[in-house]
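K.L.:
Submitted below is the structure of interest, expressed as structure tokens.
The values are calculated or read from the model by the stated rules, or taken from the named source; none is laboratory data. Because the structure is predicted, anything quoted here is derived from the model rather than measured. Quick reminder, even Gly has a Cβ in these numbers, built from the backbone with ideal geometry, and neighbours come from all protein chains shown.
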Amino acid sequence: MIDRKQVLHVARLARLRLDDEEVERMSAELSSILDHVETMAELDIEGVEPTSRVVDAENVMRADDVAASLPRDAALANAPDPASGSFRVPSPQA
Amino acid sequence: MSDVRDLSVAAGLAAIEARDLAAAEWADAYAGLPDELGAYLWRPDEPIGGEEGPLGGVPVAVKDIFCIEDVPTTAGSRILENYLPPYTATAVERLLGAGASVLGKTNMDEFAMGSSNENSAYGDVRNPWDTDRVPGGSSGGSAAAVAGGLAPCALGTDTGGSIRQPAAFCGVVGLKPTYGSISRSGMIAFASSLDQCGPFTRTVADAALLLRVMQGADPRDTTSTGIAAGVEMPSREDLSGVRVGVPRELASEAEGMEDGVREVMERTIALCESLGATVAETSLPNARYGISAYYVIAPAEASANLARYDGVRFGERVAAEGLDDMYELTRAAGFGPEVKRRIMLGTYALSSGYYDAYYGRAQRVRTLIARDFENAFADHDVLLTPTSPTVAFPLGSRTDDPLAMYMADYCTVPMSLAGVPAISIPGGLAAAPDGGPELPVGVQLVGPAFGETALLDAAHALESAIGFDTNAAWRGGADA
Amino acid sequence: MPESPDYEPVIGLEIHIQLQTETKMFCGCKLEFGAEPNTHTCPVCLGHPGALPMTNEQAVEYAIRVGLALGCEIAPRSIFHRKNYFYPDNPKAYQISQYDIPICSGGRLGDVRIHRAHLEEDAAKLTHVGESGRIHGSDASLVDFNRGGTPLIEIVTEPDIHDPAEAREWLTLLRETIRQLGVSDVNMEEGSLRADGNVSIRPVGSKELGVKTELKNMNSFRFLERGIAAEIERQKAIVASGGRVEQETLHFDPASGSLTSLRSKEEAHDYRYFPEPDLLPLAPSPEHVEEVRASLPELPAERRVRYESELGLSPDAAKLLAYDAALASFYEEAVAAEPDVDPIVVANWVTGELVAASREAGFEHPAETKADAAGVGAVARMVDGKEISRGSGRELLAELVANGGDPAEVSERLGLTSDDGDDLAAIVAAAIEAQPDAAAKVKAGEGKAIGAIIGVVMRETKGRADGGEATRLIREQLGL
Ligand SMILES: [Zn+2]
């Protein structure tokens, strides 16, 4: 069961503004999905290693060689609010 | 030839080779066709590319999850409505490099989250077999385009079944290669440890043709290892000596499997035997926990992958005074309900105090499922399951029940978790439980990691024996 | 009534060091300090959809060097994690870092144990703009992603430091060590070396750790010392008035010397770390680690031990020389040039007279003057062998520092060869006679009065007399 308060906390972590109706619906839907997910608890996982990735390789790296960067116009082309050759945002401290 | 649009990739290439077809004509045959299915989100005035090469002239539709430089790329989301990527995905680059030409970008569930294509911000896609039904998802537009005669082949992505399930619903071939075969660079991430690019085609041989061009290690994706042994063109005509395993958890014991699907499975098993295969029941004991593990791992990774849509560097922004207001309003307006649901689910599963119970446990269940496949492949060369427990369902019938929608991936998710290759081919037609015309049923063949050559060979032999007409839907079933 | 206990500070440091690679940690963008904003970016370091990180092997190599220099164990297999948080300088909204398996763990530098050292990527540069131009009250910020993605190594010490001056001194040792490894320019002003402090206090004798606060933004060695000192005083005052120290992050303002709380309390941080699926493990082979170890230069801490144990230098002189690589090699060259002179004598000339003379002459570093190491060694020999007086030696050194030359020739030219050592006693006697009042005061214990007598000695010797020797003779002759 994931209650209203938890929904709001998680929404805050995820930077999602939910209206009251969404909070209610999210609480019900997430609870029902998690109920199903929790069937995993039936399995004995003692001593089983977690799998984070299925690729069986390591040390895949690149040499420290310079590659072309984007022209600044291209870097800023999609910016919602470009200013002074930079990406402008509302101040974090405002 | 009656219509250029009848041509498979292999047949078209042969026609060009024989000078029966000019390379440019092939793409022209598709350009400007009316798109009544809603398969495309964007089509260029002139097809892009189409040079010399092993796929010279092959027209291909590309799921809108692949970045193409300066071509609108939305991933089916409002938040990327006006986004023009500054670079091109490796898979697309390789196709273009081999001479293919891009017909357009296809519709999809927002950020590949969905099994019906009803989560696109830009409208539903309709199943060419019955336009009141879903094409499956998330690569619904690509599947519908190929089945609907709007492209001879298409690119999709598969995270938990997003190529195989729509291929099954639309009656075409859909291949999810081994994780790591094809670079993910430029493919907009949903769940990084599961996402894999693959082709939709009308034949298994065509899938091999596209895979051969796209697969291989890419310096832009450290997890792309490529298929070291390469991929041979399939040539097998029978299945003699092939040990086929049918995992009971995904077949006879699968919950919610429709009778029509069951019948097609039985017919397919009989066909395998008649082709010389030995068919035996086997077990993937932990596969039934696949959906549980998947719906923790995929949303968790997605919650991080989708955090970059924050209105700072690209994408739509909702202006606000304060930074946090800007973030929260931008994301609230930009994402649809299913994406929000999964971001919430994933954020919750990773949050302090819940990690071990959800994410940590799901990763261990993933290990168990991967081991199940290893064990099964000790005794079997390929596994056979239905691709989906059901045929295509009516539009709107599952949108109010997320969990019911998630169960559509029941038979495809375990392979994604294990990273092994799987292909859905049309097994035949079956009646839907709620009436209406007969609809395609997909059967799924699964092979061990990087065993694409043998898997495609088996699928090719079975496909020939089944004799399904993948052009039937758009030709109105005339030749079916 | 129990007395209020004395409190002991407990200090740990977290140091971020930018590694001096050509390119960024996970993409090929060039690293260049002070370039025009956003001229060194690409889809990867802007966090564009579909872009994937690719690890810079030079950064990993540098991290191994740092780890070995700090006596750490190099993990046979370490992985990257995603650290999730929203901020405009964090383009993916997660930072790629290391979490439970860092590349380096356990170690020691000087008297301080190292807890761990791990690799991560730096944030972009955020500039606050607005009416006031200050953090508070500004209305917008500009983001420049040139710096974003610079490789960082974060070094975390155990809480083994108990004094602000010790913290500063240890950080100096760390800086010199890193500098000599050639992996960073460790410049605090440019931000390539950044230190945060974890500070707590506890009753003397207690083994428990108190509640710690985190001090940010101490961007010079002086501010580090002052900030920590201010925080210790603040905590002592809280405890003295019966309060409790609260866990928080503080910003030190060097201008006012005040500490302000950085983060609002309502937002408890939950970084939701999970393994980065886009990157594969780092697994340096034992052979490779040994190769790197063999290539390390002699480092300050080892050199200091050698100077004390082999050359017999005092701890202070050993530290002064050993922590400054250029001065250390200058010193060793001087010692080598004069094998018959006691290395302690040479050390006194290098750390004392040479440092003073070069500062006087306006040189940035004593090893950069016109005097070469052999010349300084020769001066030490000439004075030690009483060829010239100490005062003459100083004059000779000043000339060599300013204009260089052969010490014997310069000495001759300046008329310094005659030994005035024997005459000093007579000059002192005359000076005492000339200053009877001062002599009486010195005898009565008024030490300062000796200055008048020394003044006469210096006038008579034209400043060549050794002040120390003159003082000794005055006191001797006055029977003190
Ligand atoms: Zn870059």
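K.L.:
Within the range C:96-104, identify whether any single residue is in contact (Cβ under 8 Å) with a residue 12 or more places away in the chain, within 16 Å of the ligand (Cβ to nearest atom) and assigned by TED's automatic domain parsing to the domain that holds residue C:191, and answer yes or no.
P.N.:
Among the residues of the range C:96-104, at least one is in contact (Cβ under 8 Å) with a residue 12 or more places away in the chain, within 16 Å of the ligand (Cβ to nearest atom) and assigned by TED's automatic domain parsing to the domain that holds residue C:191, which makes the answer yes.
K.L.:
Now a separate question. Test each condition in (1) touching a residue at least 60 places away in the same chain (Cβ under 8 Å); (2) outside any loop (DSSP other than H, G, I, E, B); (3) more than 9 Å from every other protein chain (Cβ to nearest Cβ) for residue B:388 and report the one that comes out false.
P.N.:
With (1) touching a residue at least 60 places away in the same chain (Cβ under 8 Å); (2) outside any loop (DSSP other than H, G, I, E, B); (3) more than 9 Å from every other protein chain (Cβ to nearest Cβ) applied to residue B:388, the lone miss is (2).
K.L.:
Ok, one more. Are any residues in the range B:391-415 of a type outside the set (A, V, I, L, M), assigned to a loop (DSSP other than H, G, I, E, B) and in contact with an Asp or Glu (Cβ under 7 Å, 6 or more places away or on another chain), and if so, which ones?
P.N.:
B:399
K.L.:
Considering each of B:365, B:312, B:339, B:318 in turn, give the residue that is surrounded by fewer than 24 Cβ atoms within 10 Å (Cβ to Cβ), modelled with pLDDT of 95 or more and among the β-branched types (Val, Ile, Thr).
P.N.:
Being surrounded by fewer than 24 Cβ atoms within 10 Å (Cβ to Cβ), modelled with pLDDT of 95 or more and among the β-branched types (Val, Ile, Thr) holds for just one of B:365, B:312, B:339, B:318, which is B:318.
K.L.:
So for the range C:54-75 (the condition being within 16 Å of the ligand (Cβ to nearest atom), within 12 Å of another protein chain (Cβ to nearest Cβ) and part of a strand (DSSP E or B)), does at least one residue qualify?
P.N.:
Scanning the range C:54-75 turns up at least one residue that is within 16 Å of the ligand (Cβ to nearest atom), within 12 Å of another protein chain (Cβ to nearest Cβ) and part of a strand (DSSP E or B).
K.L.:
Could I ask something else about it? Could you list all residues from the range C:141-188 that are in a helix (DSSP H, G or I), touching a helix residue (DSSP H, G or I) at 6+ places or on another chain (Cβ under 8 Å) and closer than 30 Å to residue C:201 by Cα?
P.N.:
C:164, C:165, C:167, C:168, C:171, C:172, C:173, C:176, C:177, C:178, listed by residue number.
K.L.:
Then there is this: Of the residues that sit in the range B:223-279 and are part of a loop (DSSP other than H, G, I, E, B) and acidic (Asp, Glu), which one is nearest to the other protein chains (Cβ to nearest Cβ)?
P.N.:
Applying the filter and picking the extreme gives B:255.
K.L.:
Return a yes/no flag: does the range C:302-314 have any residue that is of a type outside the set (D, E, K, R), buried (at least 20 other Cβ atoms within 10 Å of the Cβ) and touching a helix residue (DSSP H, G or I) at 6+ places or on another chain (Cβ under 8 Å).
P.N.:
Checked against the condition, which is being of a type outside the set (D, E, K, R), buried (at least 20 other Cβ atoms within 10 Å of the Cβ) and touching a helix residue (DSSP H, G or I) at 6+ places or on another chain (Cβ under 8 Å), the range C:302-314 yields at least one hit.
K.L.:
When you scan the range A:62-84, how many residues do you find that are away from the ligand (no atom under 16 Å from the Cβ) and within 7 Å of chain C (Cβ to nearest Cβ)?
P.N.:
Final tally of qualifying residues: 2.
K.L.:
Right, another one. Restricting to the range A:41-50, count the residues that are at pLDDT 95 or above and either in a helix (DSSP H, G or I) or under 23 Å from the mean Cα position of the chain (by Cα) (or both).
P.N.:
1
K.L.:
For the range C:189-227, give me each residue that is within 23 Å of the chain's Cα centre (by Cα), assigned to a loop (DSSP other than H, G, I, E, B) and charged (D, E, K, R).
P.N.:
C:189, C:190
K.L.:
Could you list all residues from the range A:13-33 that are more than 8 Å from chain B (Cβ to nearest Cβ) and either closer than 16 Å to residue B:347 by Cα or touching a residue at least 60 places away in the same chain (Cβ under 8 Å) (or both)?
P.N.:
Result: A:23, A:27, A:31.
K.L.:
Right, here's the next one. So residue C:150 ticks every box in (1) among the polar types (S, T, N, Q); (2) farther than 17 Å from residue C:115 by Cβ; (3) away from the ligand (no atom under 16 Å from the Cβ) but one. Which box is left unticked?
P.N.:
For residue C:150, the failing item is (3).
K.L.:
Residue by residue through the range B:317-348, note down the ones that are among the small types (Gly, Ala, Ser) and either within 8 Å of chain A (Cβ to nearest Cβ) or in a loop (DSSP other than H, G, I, E, B) (or both).
P.N.:
Those that are among the small types (Gly, Ala, Ser) and either within 8 Å of chain A (Cβ to nearest Cβ) or in a loop (DSSP other than H, G, I, E, B) (or both): B:319, B:320, B:322, B:332, B:336.
K.L.:
Okay, moving on. Could you check the range B:398-431 and list, in sequence order, the residues that are small (Gly, Ala, Ser) and either buried (at least 21 other Cβ atoms within 10 Å of the Cβ) or more than 11 Å from every other protein chain (Cβ to nearest Cβ) (or both)?
P.N.:
Within the range B:398-431, B:408, B:416, B:418, B:419, B:422, B:424, B:427, B:428, B:430, B:431 qualify.
K.L.:
Identify the residue in the range C:32-50 that is more than 7 Å from every other protein chain (Cβ to nearest Cβ) and buried (at least 22 other Cβ atoms within 10 Å of the Cβ) and, among all such residues, is nearest to the ligand (Cβ to nearest atom).
P.N.:
The qualifying residue nearest to the ligand (Cβ to nearest atom) is C:45.
K.L.:
Can you go through B:217, B:207, B:191 and tell me which one is touching a residue at least 40 places away in the same chain (Cβ under 8 Å) and over 24 Å from residue B:147 (Cβ atoms)?
P.N.:
B:191
K.L.:
Continuing with this model, one more query. Being buried (at least 21 other Cβ atoms within 10 Å of the Cβ), over 26 Å from residue A:55 (Cβ atoms) and of a type in the set (A, V, I, L, M) is the filter here, so list the residues in the range B:432-462 that pass it.
P.N.:
Within the range B:432-462, B:439, B:441, B:443, B:461, B:462 meet the criteria.
K.L.:
Oh, and also: Being within 24 Å of residue A:13 (Cα to Cα) and free of Cβ contacts under 8 Å to residues at least 12 places away in the same chain narrows it down to one of C:88, C:49, so name that one.
P.N.:
The conditions single out C:49.
K.L.:
In addition: Take the residues in the range C:1-27 that are under 30 Å from residue B:70 (Cβ atoms), crowded, with 22+ Cβ neighbours inside 10 Å and not hydroxyl-bearing (Ser, Thr, Tyr); name whichever of them is farthest from the ligand (Cβ to nearest atom).
P.N.:
C:25
K.L.:
Could you list, in sequence order, the residues of the range B:1-59 that are in a helix (DSSP H, G or I) and among the aromatic types (Phe, Trp, Tyr)?
P.N.:
B:26, B:30, listed by residue number.
K.L.:
Now, a different point. Any residue in the range A:12-32 that is away from the ligand (no atom under 16 Å from the Cβ) and within 28 Å of residue C:22 (Cβ to Cβ)?
P.N.:
There is no residue in the range A:12-32 that is away from the ligand (no atom under 16 Å from the Cβ) and within 28 Å of residue C:22 (Cβ to Cβ).
K.L.:
For the range B:252-288, how many residues are surrounded by 15 or more Cβ atoms within 10 Å (Cβ to Cβ) and closer than 11 Å to residue B:410 by Cβ?
P.N.:
4
K.L.:
Being within 7 Å of another protein chain (Cβ to nearest Cβ) and out of contact with any Pro (no Cβ under 8 Å at 6 or more places or on another chain), is that true of even one residue in the range C:10-23?
P.N.:
yes
K.L.:
What number of residues within the range C:117-148 satisfy the criterion of being touching a Lys or Arg at 6+ places or on another chain (Cβ under 6 Å) and at pLDDT below 95?
P.N.:
1
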